[in-house]
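Working notes, beginning with the structure itself.
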Amino acid sequence: MAMVIGGIGTSHAPTIGVAWDKGQQRDPMWAPLFEGYVPARRWLDEVQPDLFLIVYNDHVNQFFFDAYPTFALGVGAVHAQADEGWGKRALPDLAGDPDFAWHLARSLVEDEFDPTICQEMALDHGILSFLPLLTDTDWKVPVVPLAVNVIQHPIPTARRLFRLGAALRRAIESYPGGRRIVVFGTGGLTHQLHGATYGRHNEAWDHEFMDRLESDPAGLSALSIQDYMQRGGTEGVEMIMWLAMRGALGDRVKRVHRNYTAPLTTGYGLLVLET
């Protein structure tokens, strides 16, 4: 059967991709972020996963406000790169895993999660900002993307995301084929991109969140969406997607690596956990 071998929580800000494309890995402002991904990449090289299951959100590139699903699962053999308005980046499209993705779809429905099934899904910086920092860009590891609505209210609760993670684990462990799977939770950390408090981020809350993700994920899942927005900014509500990753890992985890930087208006976090 398949198994969850670990999870990665990571920010997915578009500025990460811009800095990577411009070769700014050694720039004093960006070096702490890029260097922080090196141990995570080393860990992935060691554990040799067969599949990345990535929980992320689309930024109005695949979906629009007239029809924005709460959950959407990409089941295609290939996931195209979305053009976010300034042309596609010099990256190839991502390989999918239809056999596993369809199994996941059926399992989630049986578990009373009902994702929109997308046989074509264009992926934006919600995945492609951080992924080149963790793996070669020939994309040897296939990706199954699971998009979450954290943009248009009402959005799912933190508790719903944590329970989604447990459902992902059940789906993985019921898959008859052998797969070693790393589950990703992406987004955030704290940031506010509009209004009177534009640019505010809360480093204390970012660190508390990453601490409690290891030791008290149930407590984090009990917080309301309003709590997340008040503590971490309106866009910081993306943090709830990390709870899906954590829920997939079970009760006990071991921290492999953690990094945090805040060079601009966003807290950039990275957390690697093993089951």
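The set of residues from the range 167-178 being surrounded by fewer than 18 Cβ atoms within 10 Å (Cβ to Cβ) and either within 22 Å of Ser129 (Cα to Cα) or out of contact with any Asp or Glu (no Cβ under 9 Å at 6 or more places or on another chain) (or both) comprises Glu173, Ser174, Pro176.
Do you know which of the residues in the range 102-156 that are touching a Lys or Arg at 6+ places or on another chain (Cβ under 8 Å) and either modelled with pLDDT under 95 or of a type outside the set (S, T, N, Q) (or both) is farthest from Phe34 (Cα to Cα)? Only one residue fits best here, namely Asp111. Of the helices (runs of 4 or more DSSP H) that lie entirely inside the range 1-114, those containing 1 or more residues that are within 26 Å of His257 (Cα to Cα) span 14-21, 31-47.
Might you let me know whether the range 247-260 holds any residue that is part of a helix (DSSP H, G or I) and either in contact with a helix residue (DSSP H, G or I) (Cβ under 7 Å, 6 or more places away or on another chain) or closer than 14 Å to Gln192 by Cα (or both)? Yes; the residues of the range 247-260 include at least one that is part of a helix (DSSP H, G or I) and either in contact with a helix residue (DSSP H, G or I) (Cβ under 7 Å, 6 or more places away or on another chain) or closer than 14 Å to Gln192 by Cα (or both).
For the range 143-154, a tally of residues being surrounded by 19 or more Cβ atoms within 10 Å (Cβ to Cβ) and either more than 15 Å from the chain's Cα centre (by Cα) or part of a strand (DSSP E or B) (or both) returns 6. Do we have Gln62 as among the polar types (S, T, N, Q) and in contact with a Cys (Cβ under 8 Å, 6 or more places away or on another chain) here? For Gln62, the condition - among the polar types (S, T, N, Q) and in contact with a Cys (Cβ under 8 Å, 6 or more places away or on another chain) - is met.
The values are calculated or read from the model by the stated rules, or taken from the named source; none is laboratory data. Source: prediction; values computed, not measured. Note: ideal-geometry Cβ built from the backbone for every residue, glycine included; neighbour counts use all protein chains shown.
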